[in-house]
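The values are calculated or read from the model by the stated rules, or taken from the named source; none is laboratory data. Keep in mind that what you see is a predicted model, and the values were worked out from it rather than measured. In this analysis, Cβ positions are derived from the backbone assuming ideal geometry, glycine residues included, and neighbour counts consider all displayed protein chains. Please note that ligands, DNA and RNA were not included when accessible areas were found on the heavy atoms of the full protein model with its side chains. Shrake-Rupley method; radii C 1.70, N 1.55, O 1.52, S 1.80 Å.
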Amino acid sequence: MESMTQQGHPEEIDAPRWHQLKEALKTRLSQQAFATWVTQMTCLEDDGNTLTIGLPDMFSLDWVNNHYRDVVEEELRKIGNAALELKLSESEPHTAVSEAPSERPQTSATPSSAPPLPRSATPRSQRPGRPETSSHFEPVSSVLNTRYTFSTFVTGPSNQLASAAAQSVADRPGSNFNPLFIFGRVGLGKTHLLQAIGHAILKKNPSARVQYQTTEQFINDVVQGIRFERMDEIRRAYRAYDVLLMDDIQFIAGKVTCQEEFFHTFNVLHDARKQVVVTSDKLPHEIKDLEERVKTRFQWGLIVDLQPPELETRIAIVRKKADTDGIALTDEVAMFIAQSVRSNVRELEGCLIRVSAFANLTNHPISIALARDVLKDVIPGKGQPLTCEAIVKAVAQHFDLKPSDLRSTKRGRAIALPRQIAMYLCRKHAGASYPEIGQALGGKDHTTALNAFNRIRERLDAPEIRRHVEEVERVLLD
Ligand code: ADP
Ligand code: MG
C-alpha cells in the first residue's frame, strides 16, 4: 500500500535541473509552443539518471513525444546533462503543485516555509537535537487549480444537479448536504466541481480552513502516522478543518485502517457541522470492500452524479475553453470537435488544444478540414464526417418523410424546407461539395445546394428552423 500511495500519483518536485531546462526551452521554442506545452509540464522525478516529466493527459504526452522530444533532449544535453535520460509520463493535473506563486494553495494548508511534513517525517528517536514540541503535523494540501471554479464550469442537463448541489454547499457549508458525494466517470468534472467549492468558500471567507486532498494523500498520511506513531497529531489536524474536500474516495477500498480513520474523522467533522465533500468514480455500494458503516455515512448526505455531457454542453465547453485560451473557433469547428469526443471532457479539451496547436504551428486557420486531419489519429473511427446518405435519412425521418421525397422534384414547402435543411447539414457535417450535395438529393443543380445552404444558415435565428436543425443534429451526432 505504501509504495502505491507514494508512487501512484507523484507530485511536482523542485528540481534545479528542470528549472534550467525550462529556461532553455523558453528561449528555444516559440512563445506559443512554450505556453501550450511546456507550461503544462511538471517535473515528477530527477533521480540523477532519469528526469521524469509529467504531462496532464495522453494527448499532450503523445504530442510532446512526437514533436518536442528531440528538442527537449537536445536542450538537456546543452545544459550539460548528456547522460540524463528523459522520460515523459502522464501525470494527474490536479496533484501537480504549480510553481506560480498565484497558484500556491489558498487553503489553510502548509505555508511554503513550513518544514516538510509527514512524508519526510522520521521517527522521533532518530531526530537528534530537534525539540519534540516543534514537530507538528499538518497534512499537505494539494493546490487548488485556479481554473477550476464555478464560473468556468459549464452546466447542462448532464451535470445540473451536481453543480447546483455543489453551489449550495459552497453557499452554506455544513448545513445542507453533508456529506456531498459527487459521483462520475473519469474526466467528467469531479475534481473541477470539488475545487470550485473550495474556491467559492475561500472567496467568501478567506480564513476558512479548507482542505482539498486526494484520497491517496490521506492514505499516505495514515500510513505515515501509524509508522511513526503520530496518529494523534494527524487526527487533530484533520479534525480541525472547516471543510474537507476528498478527491477520489474510491481509492480507500480495501484499506481497513484508513476507512476506520476516515469514519471517525468524518463523524467528528459532521457532528461539528463541518462540511465534507467526496468524489468517486463509483457509487458507495460499488466500492469494493467498503465498510458498511462508511457506506452508510455517505448515504446520509446527498449523492449526485455527473453524466457524460450531451452535444450542446460539449459545444459550450469547447467554446468556453476556446474563449479562455484566446482560440478563435467557428461554430462549425466547435461542433466538429464536440462531436469527436463524447464521454470524457478532459479528452475533449485535449482535442481542442491539439487542433489549435496544430493550426498555430503550421500557420493555418482552424478549419473543419484541419480539425478532421488532426483528430483522425487521436480518435480512430470517430471524428469521421457523416455521409450525405445518413443525413438525408435522418432529416426525412425527422419530418416524417421518405428519403425519396427529399430526392424528388416536389416543391411544396412541406418538402422544400426539409430538403434545404438536408442540404445545409450535408455541407456542414459531411463536408460535401455543392455538386455532391445536389447529387445526393436526386441530381439537383449545385447552385440549388449552395442557395439552400445559405438560406438555412441565414435563417438559423428563426426558432422554428433552429429547432429542426438542432433536433436532427442531436440524432445524428449524439
Ligand atoms: P474528473 O475529476 O471527474 O476525472 P476533472 O474534474 O479533472 O474530471 O475534469 C477533466 C477536465 O474537464 C478538466 O480540465 C475540467 O476543467 C474539464 N471539465 C469537466 N467538466 C466540465 C464542465 N462541465 N465545464 C467545463 N470544464 C469541464
Ligand atoms: Mg479527478
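Can you list the lysines whose alpha carbon is less than 24 Å from that of K204, not counting same-chain residues fewer than 8 positions off? The reachable lysines, counting only those whose Cα sits under 24 Å from K204, are K190, K274.
Karplus-based coupling profile of the stretch 273-285, in residue order and whole Hz: 6, 8, 7, 10, 10, 10, 10, 7, 8, 9, 6, x, 6, with θ = phi - 60° in 6.51 cos²θ - 1.76 cosθ + 1.60 and x standing for Gly or Pro. Protection proxy ranking of 68-76, 349-357, by the mean of other Cβ atoms within 10 Å over each peptide's residues and highest first, is 349-357, 68-76. Note on T448 and S433: their simple-model spin labels are 1.9 nm apart, each label 7 Å out from Cα toward Cβ.
Enclosing the Cα atoms of the stretch 390-429 in their convex hull gives a volume equal to 54 cubic angstrom per residue. Working note: Debye formula, equal point scatterers on the alpha-carbon atoms of the stretch 236-387, no solvent; log10 I(q)/I(0) at q = 0.17 Å⁻¹ is -0.87.
Based on protein heavy atoms only, the stretch 369-478 ends up with 53 Å² per residue of surface accessible to a 1.4 Å probe.
Heavy-atom accessible surface of the stretch 167-307, averaged per residue, reaches 39 Å², computed with a 1.4 Å probe.
Between K203 and E286, 0.36 nm times their residue separation minus their Cα-Cα distance comes to what? Intermediate results must be reported in sequence, preceding the final value.
Numbers: separation 83, 0.36 × 83 = 29.88 nm, distance 3.49 nm.
Stretched out fully, the K203 to E286 stretch lengthens by 26.4 nm.
The stretch 170-205 and the stretch 420-435 have Cα centres spaced 43 Å apart.
For K203, a cut-off of 12 angstrom between C-alpha atoms picks up these aspartates and glutamates, skipping any fewer than 8 places away in its own chain: D171.
Taking all C-alpha pairs of the stretch 199-261, those more than 16 Å from each other amount to 50 percent. For K444, the lysines whose Cα falls under 28 Å of its own Cα, not counting residues fewer than eight places away in the same chain, are K393, K402, K410, K428. Evaluated at q = 0.09, 0.20, 0.21 Å⁻¹, the base-10 log of the normalised Debye intensity for the stretch 346-478, with identical point scatterers placed on the Cα atoms, takes the values -0.30, -1.11, -1.18. Taking a sphere under 14 Å around the Cβ of C388 and counting the other residues whose Cβ falls inside, with K and R at +1 and D and E at -1, yields a net charge of +4.
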